[in-house]
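The values are calculated or read from the model by the stated rules, or taken from the named source; none is laboratory data. Just so it is clear, the model here is predicted, and its values are computed rather than measured. Neighbour counts are summed over all protein chains in view; Cβ atoms, including those assigned to glycine, are modelled from backbone coordinates with ideal geometry.
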Amino acid sequence: MSTVSIDLPPYAKVVFKYGRPVVLLTALLMSIPGEVHLAKVAGWDSVNLLGLWTFNVAWLMPVCVSVYAACSAVIADVAKRLCLPNQRSAVAGAVAALLLALTAQDVSHLIQQDYMNTSWLLVGAVSAIPPLVAFHMLHMAAAPESTASEVEIEELEDTFEDDDDAAETPCRKGKPGRPGLSEDEVNKAIANLEAAGRDVTPETLGEVLGRAPRTARRYMAQMKRAELKAVKVAEHEAEQSAGEMLPLTI
């Protein structure tokens, strides 16, 4: 297995690396006032901890709503990718967490702007948030401790594997797909296209090979990597040969 690095322009690298956490942090900070207000409406107030410290627990509501929604989304994605047994629960929890975060903001601002008043139903619903969040997070505790941060691909071999006819995976079980084509078959198809004066594109190559365009695109990428690898090997051998032919000087 080998890793693939994606070449992005500088501005895109900055956005990709720093944009997402900045947006996430900003959204979480903007959600705090509404969720704290909703907790206060439901009756959460200051508590005295061991007689030493007084803390307003209403400020913990954003953790039970917005942070919970973010965590649920990540866990749901990991569970789906790795085919964990709790993936349905994780996805359902992520959707419920998003709806909860949206509802909390709407209700809080509607109350603050005097469009609606509090009620026993609202107090009961908000009071149930922390125990429900705790229960669901414990239920999803089977998620892996770490995830891969690099994309892995297979090295080029004599045959290629079709993406649209993939064999069995942990998430996809059934009859195996069609065997991949050999390097010679792909080269022959490319040569036929060039001889006919046609452009070699994923669509035209896929048409000749009888494969989907995305599979043909993968074949083309693998052929390109093979060519680059062959060029590097030839250059390395040429450098070694030139070094052996140099006269010895003292």
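Note on the range 180-202: among residues that are hydrophobic (A, V, I, L, M, F, W, C) and part of a helix (DSSP H, G or I), the one that is farthest from residue 216 (Cα to Cα) is 195.
Within the range 87-95, not a single residue is modelled with pLDDT under 85 and exposed (fewer than 10 other Cβ atoms within 10 Å of the Cβ).
If you go through the range 81-94 one residue at a time, do you hit one that is in contact with a helix residue (DSSP H, G or I) (Cβ under 7 Å, 6 or more places away or on another chain) and closer than 25 Å to residue 41 by Cβ? Yes, because at least one residue in the range 81-94 is in contact with a helix residue (DSSP H, G or I) (Cβ under 7 Å, 6 or more places away or on another chain) and closer than 25 Å to residue 41 by Cβ.
For (1) farther than 29 Å from residue 80 by Cα; (2) among the aromatic types (Phe, Trp, Tyr); (3) modelled with pLDDT under 85, each residue gets a yes or a no:
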position: 175; (1), (2), (3): no, no, yes
position: 189; (1), (2), (3): yes, no, no
position: 192; (1), (2), (3): yes, no, no
position: 203; (1), (2), (3): yes, no, no
position: 228; (1), (2), (3): yes, no, yes
position: 232; (1), (2), (3): yes, no, yes
position: 236; (1), (2), (3): yes, no, yes
position: 247; (1), (2), (3): yes, no, yes
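So is residue 61 without any contact (Cβ under 8 Å) to a residue 12 or more places away in the chain, aliphatic (A, V, I, L, M) and closer than 14 Å to residue 105 by Cα or not? Here the answer is no, as residue 61 does not meet what is asked. Among residues of the range 50-69 being crowded, with 19+ Cβ neighbours inside 10 Å and small (Gly, Ala, Ser), the one that is farthest from residue 39 (Cα to Cα) is 69. Scanning the range 213-227 for residues that are more than 13 Å from residue 201 (Cβ to Cβ), touching a residue at least 12 places away in the same chain (Cβ under 8 Å) and over 25 Å from the mean Cα position of the chain (by Cα) gives 223, 225, 226. Looking only at residues of the range 103-135 that are of a type in the set (S, T, N, Q) and free of Cβ contacts under 8 Å to residues at least 40 places away in the same chain, we find that the one that is surrounded by the most Cβ atoms within 10 Å (Cβ to Cβ) is 103.
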